[in-house]
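The values are calculated or read from the model by the stated rules, or taken from the named source; none is laboratory data. As the structure is a prediction and not an experimental result, all values here were calculated from the model. With ideal geometry, Cβ positions are generated from the backbone for all residues, glycine too; neighbour counts draw on all protein chains shown. For the accessible areas, the whole protein counts, side chains as well, though only heavy atoms, and no ligand, DNA or RNA atoms are used. Shrake-Rupley method; radii C 1.70, N 1.55, O 1.52, S 1.80 Å.
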Amino acid sequence: MRASGASSPSPFSLERYRTNRSHISTKKLALYCLFLLTWVSAVKAQTTVAHPLAARGRKAPVRDAVFHSASLERDMRYRVLLPQQYESGGRFPVLYLLHGLYGDYLNWDTRTNLENYALDLRLLIVMPDADNSWYTDSATVPQDKFEDYIAKDLISEVDEKYRTIRARHGRAIAGLSMGGYGAAKLALKYPELFAFAGSLSGALNAPHNLDTLRPEFRTKLLEVFGNEGSPQRADNDIFPLLNTPPQTPYPYFYLACGTEDFFLDTNRAFTLQLSSHKLAYEYHETPGAHAWEYWNSALEPMLQAVEQMIGESPKSAHSKQKKP
């Protein structure tokens, strides 16, 4: 989430100085300038965010890129975090990490300790920009085909530009909030693409009833999913999607949600449905709210689960025990 706020006016102004310059001695002026310099430095320090690897003296292998999405008919940005071993050669599994509502492609890297957590993982992490799209082909804006953008354009772009494992067993998708919903939905619609689907605080009821429960999201939800009863709502509701037997087995599901999160009930409901279908999954419910502090703490164990489930050869998701 982006934070915003107005800065308070400086108590030091040129007008005030001009008004009182005849009463200010050279000594007082020097003290005044020194204090002003200290004040500016303090404000600047508050707005500077240290790079997560700065203290460790290691350079993060991060690349930013822009490519033209055929589905969206416009250029889109994404960030890639490369594994430390990338320059040594070979192919690597990929995690597509999706941002939340009002977020962007930089959030995961700048608002969590992602780089530290992934430092020793043999994993290529891709963070795409997706606006407030709910990772869905819009019901009302024909050019906003954000589902196709991820499932078709982005994966093709990354497989072409990087040495990836271009197969289901080498590919995972995960996200937070809106991105958690997007990851779960894309995994259900395209099980042939992903071996792992992760959701942190997933807004899993987005096309179902979120616009009723949270009116502040209604305008965008109506734009993306259409009115109640629309075909787009049914096509993108992950609960009925889960009832449709796929030709390819569903991926391994990893879900986590904080106990103070307003999406707790829908995460519990989805977990029960996974259990009733006897699908491979794990669910973690720990203290936390819908906030970056929680997502940062929940990210590292999810990354460890990703590394266990995808790699150079197919792995059986059913061999991993479910966790309460």
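What to note about this one:
- Extreme residue, most open to solvent (accessible area, probe 1.4 Å), among residues of the range 221-242 that are in a loop (DSSP other than H, G, I, E, B) and free of Cβ contacts under 8 Å to residues at least 24 places away in the same chain: Glu228
- Residues of the range 146-166 that are hydrophobic (A, V, I, L, M, F, W, C) and assigned to a helix (DSSP H, G or I): Phe146, Ile150, Ala151, Leu154, Ile155, Val158.
- Restricting attention to the range 193-219 and to residues that are within 15 Å of the chain's Cα centre (by Cα) and of a type in the set (A, V, I, L, M), the residue that is nearest to Ala172 (Cα to Cα) turns out to be Ala197.
- Failed item, numbered, when Asp75 is tested on (1) open to solvent by 30 Å² or more (accessible area, probe 1.4 Å); (2) farther than 21 Å from Arg168 by Cβ; (3) of a type outside the set (S, T, N, Q); (4) touching a residue at least 12 places away in the same chain (Cβ under 8 Å): (4)
- Residues of the range 133-158 satisfying the condition of being touching a Lys or Arg at 6+ places or on another chain (Cβ under 8 Å) and either open to solvent by less than 20 Å² (accessible area, probe 1.4 Å) or of a type in the set (Ser, Thr, Tyr) (or both): Trp134, Tyr135, Thr136, Ser138, Glu147, Ala151, Ile155
- Of all residues making up the range 167-183, the number that are in contact with a Lys or Arg (Cβ under 8 Å, 6 or more places away or on another chain) and open to solvent by 30 Å² or more (accessible area, probe 1.4 Å): 1
- Any chance Tyr105 is open to solvent by 10 Å² or more (accessible area, probe 1.4 Å), modelled with pLDDT of 95 or more, in a loop (DSSP other than H, G, I, E, B) and aromatic (Phe, Trp, Tyr): yes
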